[in-house]
Amino acid sequence: MRFLVFDELHTYRGRQGADVAMLVRRLKERCAAQDLVQIGTSATMISRPDATALERRQSVADFATRFFGHGFSPEQVVEETLAPFTEDGPPRVEELRGALEAPLPDDLASLRRHPLMRWIEYELGVEREPDGSLKRRVPSPLTEAARRLSEVTGLDQDRCARAVRELLVHGSSFVSEDGTRAVAFKLHQFVAQGRTLYSTLESRDKREFSLDGQVQAGEGKLFFPVKFCRQCGQDYYHVLELEGRYLPHPVGAEPEEEAGPQQARLFPHEAAGKALKGAVILDGVSFPFLDNLNGLRDLIPPGRRVKDNYPDLSEMGFGPFRHVTLGSAHKRL
């Protein structure tokens with residue numbers, strides 16, 4: 001092996017970091033030639049936003065040394081080289097004010113020279129390093145860009161936000177000489193991980209919800225954790241079955257004893273007042289979305305167990321739900 005290349009190089013921690021480190025070293029021990037060339041590529045390997053070019057390269061070199069188990073110097077780190085899209089550099093204030101009142105550019109050459117487009121590139125896209133080279137700016141919200149543009153021009157902030165938005169959308173309709181979009185801006189939405197959702201075992205139009213994790217819902221009702229199938233998005237209740245009763249499954253915990261409560265799923269049935277019977281179980285794995293039981297039996301290999309006609313849960317006071325054992329609903333067929 002003459003070359004060892006890792007694409008999408010990222011930092012690794014804990015057990016995953018140890019696994020990757022051992023994989024690299026075992027691979028080199030068994031396959032490496034005498035002068036093995038080791039290469040890593042990444043678009044996100046940075047130290048900190050305000051780091052100098054030398055500090056960035058040193059940080060990447062230190063990481064590559066630990067990752068590959070081989071020494072790297074800052075001189076061996078190749079960074080991207082950026083070239084401006086616009087012409088004539090940052091605009092003057094007078095140019096900006098006039099551009100906000102003028103029509104949008106109607107061709108690619110005019111877009112490159114447009115004062116607002118030049119301001120957007122140097123305020124939102126790139127900035128100059130001390131050595132004159134360009135580096136990417138930290139992403140900025142549109143509201144912050146509009147505020148800065150308003151301070152520079154003295155114009156209304158809402159008017160500035162509208163102008164920036166319109167020019168970005170308009171510029172994205174032009175195609176550069178290399179066939180790419182002239183203004184390829186990105187929109188980012190950051191969504192924090194939500195907490196577990198809890199709901200009472202009632203029909204969809206009556207059930208109550210909570211994010212607080214309490215068990216009691218009042219009036220003799222309980223909150224049960226609601227989960228969602230990763231393949232199809234179907235929601236279900238994660239429960240424990242114990243002596244004919246259903247209890248909320250503790251989030252993040254597993255039953256300790258085999259003879260204790262059994263994990264189960266309760267799937268809401270859309271037809272109000274009718275509990276579905278006939279949940280199909282194959283070796284303890286459920287297929288709750290298949291209605292044609294006869295057709296399903298034709299696919300079951302000899303010796304597999306099929307169980308249907310689970311009890312009508314409405315008789316137990318649980319409303320229109322059906323019970324299936326915990327397992328994948330998609331992977332076995």
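Identify, from the list 61, 83, 51, the residue that is small (Gly, Ala, Ser) and without any contact (Cβ under 8 Å) to a residue 12 or more places away in the chain.
None of the others qualify; the one that does is 51.
Name the residue, out of 166, 144, 87, 95, that is in a helix (DSSP H, G or I), of a type in the set (D, E, K, R) and over 32 Å from the mean Cα position of the chain (by Cα).
Details: 166 fails: over 32 Å from the mean Cα position of the chain (by Cα); 144 fails: over 32 Å from the mean Cα position of the chain (by Cα); 87 fails: in a helix (DSSP H, G or I).
Step by step, each of 166, 144, 87, 95 is checked, and only 95 is in a helix (DSSP H, G or I), of a type in the set (D, E, K, R) and over 32 Å from the mean Cα position of the chain (by Cα).
Filter segment 121-134 down to residues that are under 21 Å from residue 168 (Cβ atoms) and either part of a loop (DSSP other than H, G, I, E, B) or in contact (Cβ under 8 Å) with a residue 12 or more places away in the chain (or both), then give me how many there are. Outline the logic, then answer.
Narrowing segment 121-134 to residues under 21 Å from residue 168 (Cβ atoms): 121-127, 134.
From what is left, the residues that are either part of a loop (DSSP other than H, G, I, E, B) or in contact (Cβ under 8 Å) with a residue 12 or more places away in the chain (or both) are 121-126, 134.
Of the residues in segment 121-134, 7 are under 21 Å from residue 168 (Cβ atoms) and either part of a loop (DSSP other than H, G, I, E, B) or in contact (Cβ under 8 Å) with a residue 12 or more places away in the chain (or both).
Here is a yes/no grid of residues against (1) of a type in the set (Ser, Thr, Tyr); (2) under 30 Å from residue 159 (Cβ atoms):
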site	(1), (2)
17	no, no
35	no, no
40	no, no
54	no, no
86	yes, yes
106	no, yes
109	no, yes
116	no, yes
124	no, yes
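Run residue 182 past the list (1) within 16 Å of residue 85 (Cβ to Cβ); (2) of a type outside the set (D, E, K, R); (3) under 27 Å from the mean Cα position of the chain (by Cα); (4) exposed (fewer than 14 other Cβ atoms within 10 Å of the Cβ) and report the number of the one that doesn't hold.
The failed condition is (4).
Would you tally the residues in segment 147-163 being surrounded by fewer than 13 Cβ atoms within 10 Å (Cβ to Cβ) and part of a loop (DSSP other than H, G, I, E, B)? Can you show your working first?
In the first step, residues of segment 147-163 are kept if they are surrounded by fewer than 13 Cβ atoms within 10 Å (Cβ to Cβ); the result is 151, 154, 156, 158.
Now narrow it down to the ones that are part of a loop (DSSP other than H, G, I, E, B): 154, 156.
Total meeting the criteria: 2.
Every number here is computed from the coordinates shown, using simple stated rules; none is lab data. This is a predicted model, so every value here is computed, not measured. Positions of Cβ are backbone-derived with ideal geometry, glycine not excepted, and every protein chain shown enters the neighbour counts.
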